[in-house]
Amino acid sequence: MHLRKLIPFIGLVGLCCACVFAQQPAATGLVDAARGRVAIPDPTKPPPLTNSVNDDQRRPRNYDMQPPTIPHRVDGYQIDKNFNKCMDCHARDKSAFTLAVPVSPTHYIDRDGKALQQISTRRYFCLQCHFAQEPVQPIVGNGFENVDALAKKAADASQAGKK
């Protein structure tokens with residue numbers, strides 16, 4: 001009686017083992033863009049750290065309401081509940097002196113739509129939405145085109161069709 005109950009259990013264990021071994025990367029030449037040729041259970045070597053882009057050039061945005069990227073280094077900036085280093089230059093009352101882009105007026109509105117004298121707590125931690133650029137190649141290709149580029153393509157194709 002006990003052997004009959006044990007046989008399905010042994011079969012299930014065998015099936016699980018077969019699934020685990022089947023998931024090991026085969027020597028097919030397939031390479032994961034993020035892991036390279038490293039097998040899934042093995043650790044990968046992290047890429048070397050690089051210096052952030054520090055050119056102070058404003059970059060174009062790809063869609064409405066996209067948060068702008070940070071065109072300078074922010075390594076070691078203190079941003080916590082007591083202090084926000086970004087506001088040393090980007091606060092409304094300091095940007096005229098520092099020539100930094102002032103924080104958007106939307107950052108001074110609370111969740112009830114009330115205008116505030118200080119930055120809203122909803123928008124206080126800048127690095128949640130804004131980030132510095134790193135000079136790295138993308139892991140996978142990206143064919144994204146913003147709406148302006150698509151509209152220009154459509155207009156060019158329309159003009160070519162009229163000729």
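Since every read-out is calculated from the coordinates, none of them should be taken as a lab result. Predicted, not measured: the structure shown is a model, and the values here were computed from it. Reconstructed Cβ throughout: ideal geometry from the backbone, glycine too, with neighbour counts over all protein chains shown.
Remark: spin-label model distance ARG122-ALA155 equals 3.5 nm, labels positioned 7 Å along the Cα→Cβ axis. Dipole of region 96-163 computed with +1 at Lys/Arg Cβ and -1 at Asp/Glu Cβ about the Cα centre; of CYS129, GLN159, ALA115, farthest Cα towards the positive end is GLN159. Full extension of the chain between PHE97 and ALA33 yields a length gain of 18.5 nm, computed as 0.36 nm times the residue separation minus the alpha carbon distance. Distance between the modelled labels on ILE79 and ASP64, one decimal in nanometres: 2.6 nm (7 Å Cα→Cβ projection).
Across region 48-137, Cα pairs under 8 Å and at least six residues apart give a relative contact order of 33 percent. How would region 48-137 be classified by its alpha-carbon gyration tensor: rounded, prolate or oblate, with rounded meaning a/c under 1.5 and the a/b versus b/c comparison settling the rest? Cα axes put region 48-137 in the prolate bin.
Oblate is the label for region 114-159, because the ratio a/c of its alpha-carbon gyration tensor axes (a ≥ b ≥ c) is 1.5 or higher and a/b is not greater than b/c.
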